[in-house]
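The structure under discussion appears below in the form of structure tokens.
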Amino acid sequence: MTAFITLSSKSRPDGLARRFAATLLFFAFALFSLAAGAGEIKVKQAELAAGEEAWLLNAEFTIALGQHLEEVVDRGVPLYFTAEFALTKPRWYWADEHVAGKTQTWRLAYNALTRQYRLSSGALHQSFATLDEALGVLARLRDWAVADKAALKPGEACSAALRLKLDLTQLPKPFQIDAIGNKDWNIKAEIRRWSFTPPAEAAPK
């Protein structure tokens, strides 16, 4: 009997350790699952170029919707994405001066009848066989006129800021309510900031 009690008391720490390790493993898996399912939009690159009458923005993003939003799109609920760009000039005596600002919105939707994804902005639209193809086009901005040429003075430094975000305000009302405080609707949208100084002689593109 004594030998049995001694063996049991020694085995308890091992059992507790196993349970503790299993608990840690469970929480690690849960955190990994949340991270894997979370959506995120990052700015891969962004640059300004001189056009004939305006400064043109070219940019690329990486877009991960997350599992929940991919399922939302596949159920026929449209998603709206808005690109926001701003140019400011620093002022030592007051808040930064606003120089220029632009926004552009895209609508991403799935048509169950045609089995195609449709990406539209204003009167322009394109259709795609897969969601990845549609997101690939959304992820590229080309020759977007963001500021008049006269708005920027050669040699004068400015601060540029850009992001692409999921615009929940344009969802149908029931989905706006569902999205409030729901992490599954949350897409982290990175803001890219950089300095830009127009060259003394900006050659037209």
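Miscellaneous remarks
- Restricting segment 176-186 to residues that are modelled with pLDDT of 65 or more and either in contact with a helix residue (DSSP H, G or I) (Cβ under 7 Å, 6 or more places away or on another chain) or surrounded by fewer than 16 Cβ atoms within 10 Å (Cβ to Cβ) (or both), the residue that is nearest to Gly51 (Cα to Cα): Trp185
- Qualifying residue in segment 114-129 (condition: assigned to a loop (DSSP other than H, G, I, E, B), exposed (fewer than 14 other Cβ atoms within 10 Å of the Cβ), out of contact with any Asp or Glu (no Cβ under 7 Å at 6 or more places or on another chain) and at pLDDT below 90): yes
- Qualifying residues in segment 95-110 (those that are touching a residue at least 24 places away in the same chain (Cβ under 8 Å) and more than 22 Å from Asn58 (Cα to Cα)) - the one surrounded by the fewest Cβ atoms within 10 Å (Cβ to Cβ): Asp96
- Residue satisfying condition, being assigned to a strand (DSSP E or B), under 26 Å from Trp55 (Cβ atoms) and within 25 Å of the chain's Cα centre (by Cα), within set Ala109, Ala100: Ala100
The values are calculated or read from the model by the stated rules, or taken from the named source; none is laboratory data. Note that the structure is a prediction, hence the values are computed from the model and not measured. With ideal geometry, Cβ positions are generated from the backbone for all residues, glycine too; neighbour counts draw on all protein chains shown.
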